[in-house]
Amino acid sequence: MRTQGLRLAPVTLTLIIFQVLVYCWLVYAGGSTNTVTLLNMGARSTPLIREGEWWRLVSPVFLHVGLSHLVVNSVTLLYIGRYIEEFFGHWRMVVIYFISAFFGNLTSAVFMPSTVSAGASTAIFGLFGAFLMLGVCFHHNVIVCVLSRTFLLFVIINIVMDFFLSGVDLVGHIGGLFGGFFIAFIVGAPMLGTVDYLKRLLSGAVLTVSLVILTLELK
């Protein structure tokens, strides 16, 4: 049963394998906790983004600061990613993951311009946001309802803990959660049913307006 579950989540497994390989590269290149090495490999840096390196709004998702950071994010991604792929499908998982990472890093770049950040947490929080969307749209589904409540509790606990932990990009987490929640409305979850067209339209408007505001703030 476990083997089948993993086999049905190729995107999740690919992301985990890739971030492990990138971590090994980081260690070889100078160390995963070395700020210079992280910046050279694509960590989020507001000054560099303002200079035109916009790819840094996505590339940090593959970088991790220390082995424990990698392990925690990989295990969490394996857990939530399988559910997202099952309910949304593979390509929608890709869209949700990277749009969440983009919004999380963009939000962090705007509100925490003096910090350097890296990690898959922005995208992972986006996956949780996507599941919260399922809880809103498909609350009649018992399994979805139970899981969405569990993930909501997990998100609340993590956000509260973020206030008391140093070195945690709380703003990036919230930005990723925001992006994942609204992009999930747009892409929909056909495995479960249809999403109301008005909700999809409004979500698109919210994301677009947010993107414009954050981009203008970043410049």
Short version: ³J(HN,Hα) in whole Hz for each residue of the range 132-144, in order, from phi by Karplus 6.51 cos²θ - 1.76 cosθ + 1.60 (θ = phi - 60°), x for Gly and Pro, what are they?
5, 4, 4, x, 6, 7, 10, 5, 6, 7, 4, 4, 4
Mind listing the long-range amide H neighbours of residue 189? Cut-off is under 5 Å, sequence gap 5 or more, other chains count too, H placed in the peptide plane at 1.01 Å from N.
195
Excluding ligands, DNA and RNA, what is the solvent-accessible area per residue of the chain at a probe of 1.4 Å, expressed in Å²?
50
Along the range 13-19, Karplus-curve 3J(HN,Hα) (6.51, -1.76, 1.60; θ = phi - 60°) to the nearest Hz, with x for Gly and Pro, reads 5, 4, 4, 5, 4, 5, 6
Eigenvalues of the alpha-carbon gyration tensor of the chain, times 5 and square-rooted, give semi-axes in Å, largest first, of 28, 21, 15
Nonlocal amide H pairs with residue 33, under 5 Å, H built at 1.01 Å:
66
Sorting check: for 12-24, 161-173, 121-133, which peptide has the highest mean count of neighbouring beta carbons within 10 Å, and how do the rest follow?
121-133, 12-24, 161-173
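Largest first, what is the accessible-area ranking of 139, 69 with a 1.4 Å probe?
Values: 139 115, 69 45 Å².
If we order 139, 69 from most to least accessible, we get 139, 69.
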Any residue on another chain or 5+ positions along whose placed amide H is under 5 Å from the amide H of residue 117 is listed here as 44
Taking every pair of alpha-carbon atoms in the range 64-105, what share in percent sits in each 10 Å bin, from 0 to the bin with the longest distance?
27, 47, 25, 1
In nm, the gap between the two label points placed 7 Å beyond Cα toward Cβ at residue 29 and residue 196 is 4.6
Could you bin all the Cα-Cα distances of the range 117-196 into 5 Å bins starting at 0 and give me the percent of pairs in each, rounded to whole numbers?
3, 16, 25, 23, 15, 10, 6, 2, 0
Could you please report the charge total around residue 53, scoring K, R as +1 and D, E as -1 over all other residues with beta-carbon less than 14 angstrom from its beta-carbon?
+3
Enter the per residue convex hull volume of the range 66-180, computed from alpha-carbon coordinates, in Å³ rounded to the nearest integer.
94
Under Karplus coefficients 6.51, -1.76 and 1.60, residue-wise ³J(HN,Hα) of the range 179-193 in Hz, glycine/proline x:
x, x, 4, 7, 5, 5, 4, 5, 6, x, 9, x, 5, 9, x
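The values are calculated or read from the model by the stated rules, or taken from the named source; none is laboratory data. Computed from a prediction, not measured in an experiment: that's the story for all the values here. All Cβ positions, even for glycine, are placed from backbone atoms using ideal geometry, and neighbour counts span all protein chains on display. Just so you know, the surface numbers come from the protein's heavy atoms only, side chains and all, with ligands and any DNA or RNA stripped out. Shrake-Rupley method; radii C 1.70, N 1.55, O 1.52, S 1.80 Å.
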